[in-house]
Amino acid sequence: VGFPLPGMEPRRGPSPAKDDPLGFKSGEFRVEDDIMKEEKRYFGAVKPDEEPIEYAPVQSTDQVLLISPTAFGYNPEAAKDNRFMHEVDEGELANVRRRVMREHENLVDLLGNLKGPLQMTVHLFDHKESHGTPDAVFPNNWFSTAPDVLNFYPMKNENRRKERRKDLVAYLDRQSKCTIDLSTEEEDDPPRYLEGTGSLVLDRVNRVAYVAVSERSNLGLAKLWGELNNYEIVSFDAQDRHGDPIYHTNVMMSVGTEAALVCKDSLSAEDWEKVSSSLVKTSGPKRVVVEITMEQMECFACNCLEVRNWKFFPALVMSTRAYRSLREDQLVVLREHFDGIHHVDLTTIEDVGGGSVRCCIAELFDGFHIYDKEGVVRDIEIKGIKSVM
């Protein structure tokens, strides 16, 4: 399945940077998980019959998928190697879930409100207690998309594997031409794991994937993924302040079109040189690297994401905790390279779930969009599911 994956040409224009306050009402459609009755499984790598359309590569998208944390909870399995997570008492779960729901609704509003600064399309799903998926709010770990291509990934924790629900798999797969499934690596002896864009921080323009090796990010499997998706793999070791491997790469670095954020304190001098020199070697716009400290990383400063706003300009989304950890000189640089820095309070999700904005957002790239002749996004019906596409 080793063939080039296309991107999409962004529109060009001025990019006045501005920070934006929160406070919008959401107008997204919520897709109920039990509407989809399709039982067929769509796993398996399949090369498209026709040649893929060639597009100029693009780093980010204006369409995303989110899972509302309707059955959110502390996940002790995941906490074994995620130092960002903090346990909550059973008696506090109801209050925690209410706070988490409020935080996530604000994130959805920020991304998708038609009167907001971004005006993205949000595909929003629920999950239930019966699913047994307390971490479902972080969908970027079990799948990723590229134009016309869908990847499924092997997950370390058994209860996180349940996040690959039949309805979600069918919803995604029927919109792609090629599916690459590595999830069977979970059952191998020994098993290997590679947790989506948590493990792989992608430079989509230059087709480079950055991987901090850990129990959740197997280097051999990352290299196989690179061969299948036509990406160069840049691997390294990243450690927290206790000297333990950082569980996901996207905790310590983020890559945008013109700017990247990297926690220099988590890398050896050799690995810092490898990563930073690779990031500035770009065939697209010149890219700057913003050095993030260990303390800022612990505030999720690197767990941010470049998205495309309604003008199709790149904008940066992060948590309020992350934003407040940044120095003014760092913000000045970021404002020069993004059409706004937008932030939302995700304190409870961060403290209990151990992930922030980037973890909550799964990107949907071209091939997952349906346009009319004028390029206007339309509502469509997919076998009973009402979806904003």
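The values are calculated or read from the model by the stated rules, or taken from the named source; none is laboratory data. All values derive from a computational prediction rather than experimental measurement. Positions of Cβ are backbone-derived with ideal geometry, glycine not excepted, and every protein chain shown enters the neighbour counts. The area values use the complete protein model at the heavy-atom level, side chains included, leaving out ligands, DNA and RNA. Shrake-Rupley method; radii C 1.70, N 1.55, O 1.52, S 1.80 Å.
Of all residues in region 172-188, how many are closer than 14 Å to V149 by Cα and among the small types (G, A, S)?
1
Suppose the filter is free of Cβ contacts under 8 Å to residues at least 60 places away in the same chain and of a type in the set (S, T, Y); does S217 pass it? Let's see the steps before the verdict.
Working: free of Cβ contacts under 8 Å to residues at least 60 places away in the same chain: yes; of a type in the set (S, T, Y): yes.
Taking the combined requirement at face value, the residue satisfies it.
Name the one entry in S235, S254 that is in a strand (DSSP E or B) and open to solvent by 20 Å² or more (accessible area, probe 1.4 Å).
Working: S254 fails: open to solvent by 20 Å² or more (accessible area, probe 1.4 Å).
Just one listed residue meets the conditions, S235.
Here are some conditions: (1) farther than 21 Å from P154 by Cβ; (2) crowded, with 18+ Cβ neighbours inside 10 Å. N218 meets all but one. Which one does it not meet?
With (1) farther than 21 Å from P154 by Cβ; (2) crowded, with 18+ Cβ neighbours inside 10 Å applied to N218, the lone miss is (1).
Please state which of the following conditions K274 fails to meet, knowing it meets all the rest: (1) crowded, with 21+ Cβ neighbours inside 10 Å; (2) at pLDDT 95 or above.
Failing condition for K274: (1).
So V205 passes all but one of these: (1) closer than 21 Å to L182 by Cβ; (2) of a type in the set (A, V, I, L, M, F, W, C); (3) in contact (Cβ under 8 Å) with a residue 60 or more places away in the chain. Which condition number does it fail?
For V205, the exception is condition (1).
Could you look through region 165-197, keep only residues that are farther than 26 Å from C302 by Cβ, of a type in the set (D, E, K, R) and in a loop (DSSP other than H, G, I, E, B), and pick out the one that is farthest from the chain's Cα centre (by Cα)? So that I can check it myself, show each step before the final result.
Start the filter on region 165-197 by keeping residues that are farther than 26 Å from C302 by Cβ, which leaves 165-181, 183-191.
With of a type in the set (D, E, K, R) added as a condition, the list becomes 165-167, 173-174, 177, 181, 185-189.
Then drop every residue that is not in a loop (DSSP other than H, G, I, E, B), which leaves 165, 174, 177, 188-189.
Values: R165: 18, R174: 21, K177: 21, D188: 26, D189: 28 Å.
For region 165-197, the residue satisfying everything is D189.
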